[in-house]
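Scroll down for the structure; my scribbles are underneath it.
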Amino acid sequence: MNLKNIRIVLVNPLYASNVGSVCRVMKNMGLNDLALVNPRCDVTTHECKQWACHANNVLKRRREFKALTAAVADCGLVAGTTARIGLYREHARTIRDWAPRLLAATSTGRVALVFGSEDNGLSVDDLALCTQFVRIPSSARYSSLNLAQAVMVCCYELFSGTKRFKIPTERTPEAPSGMREQMFKMWRQSLLDIGFMQEQKADHMMLGLRRIFSRGQLSENDVRIMLGIARQTQWCAREMRRLGGALPPPKN
């Protein structure tokens with residue numbers, strides 16, 4: 001899989017803001033090959049560069065073509081996006097469905113992902129050059145997506161398909177049972193010390209606390225923090241008693 005071999009092709013884009021946004025989307029998803037076919041906007045404007053944000057290098061490296069045939073001439077697979085239905089479009093599939101095949105093709109050559117203009121989409125002649133048709137799932141009430149948003153959906157699916165992004169894991173391991181039990185013991189005493197609960201109801205309250213903490217992973221760092229809170233709570237309760245302060249009555 002080689003994301004550098006994926007080319008995003010915009011046919012007759014109408015708005016410079018969309019072109020700039022597409023550049024940003026591409027950089028977010030690790031792509032950098034942008035081709036414009038007869039753009040109807042000035043992509044050298046401040047507006048376009050502003051929407052590109054920190055992806056002006058993608059905008060600067062863009063290539064412009066007079067016809068789609070030239071823009072995809074060196075591409076093996078050419079996937080065209082369409083929201084319309086009709087003759088010859090029945091084999092359209094979602095980008096998630098096509099992603100494995102498109103990504104596999106990047107190992108041996110270039111792949112183009114083609115998007116039509118904001119007002120007219122891709123023409124029949126444009127679609128004739130496509131080897132795959134892509135349809136992005138959307139509500140039947142309004143199926144047309146903004147150009148940059150459509151590019152984002154497709155680029156996201158391709159990037160996700162590479163499995164390169166890894167969700168960060170906890171820096172410390174799951175807290176062992178002994179460490180958790182020490183925490184619950186200290187919290188039990190702390191809650192008694194500050195008058196949050198009565199001794200005869202403490203076990204019941206602690207079952208509720210255990211249930212709360214069991215809803216997610218408790219790492220060793222998490223438990224250390226909770227132990228520190230319990231120690232500080234106990235210290236405050238002792239200081240208040242030493243100074244003759246009155247603790248609030250238990251709430252149960």
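The values are calculated or read from the model by the stated rules, or taken from the named source; none is laboratory data. Keep in mind the model is a prediction, meaning the values are calculated, not measured. For neighbour counting, all protein chains shown are included, and Cβ atoms are generated from backbone atoms with ideal geometry for every residue, glycine included.
List of remarks:
- Screening Leu113, Leu103 for residues that are within 24 Å of Ser138 (Cβ to Cβ) and touching a Leu at 6+ places or on another chain (Cβ under 7 Å) leaves exactly one candidate, Leu103.
- Any hit, region 96-115, residues being acidic (Asp, Glu) and more than 22 Å from the chain's Cα centre (by Cα): no
- Within region 126-141, considering residues that are assigned to a loop (DSSP other than H, G, I, E, B) and not polar (S, T, N, Q), the one farthest from Asp74 (Cα to Cα): Arg141
- Qualifying position, being without any contact (Cβ under 8 Å) to a residue 24 or more places away in the chain and of a type in the set (Lys, Arg), among Lys60, Lys49, Lys4: Lys60
- The set of residues in region 64-122 being among the β-branched types (Val, Ile, Thr), modelled with pLDDT of 95 or more and more than 30 Å from Arg164 (Cβ to Cβ) consists of Thr69 alone.
- Those helices (runs of 4 or more DSSP H) lying entirely in region 142-252 with at least 1 residues at pLDDT 95 or above, assigned by TED's automatic domain parsing to the domain that holds Ile8 and of a type in the set (Phe, Trp, Tyr): 147-161
- When we screen Arg62, Arg93 for residues that are assigned by TED's automatic domain parsing to the domain that holds Arg135, in contact with a strand residue (DSSP E or B) (Cβ under 8 Å, 6 or more places away or on another chain), within 22 Å of Ile136 (Cα to Cα) and of a type in the set (Lys, Arg), the only hit is Arg93.
- Pairing residues of region 206-235 that are among the β-branched types (Val, Ile, Thr) with residues that are outside any helix (DSSP H, G or I), at Cβ distances under 8 Å and at least 6 apart in sequence or on separate chains, gives Val223/Ala175; Thr233/Ile194.
- Residues of region 8-28 satisfying the condition of being buried (at least 22 other Cβ atoms within 10 Å of the Cβ) and of a type outside the set (Val, Ile, Thr): Leu10, Pro13, Ala16, Asn18, Gly20, Ser21, Cys23, Met26
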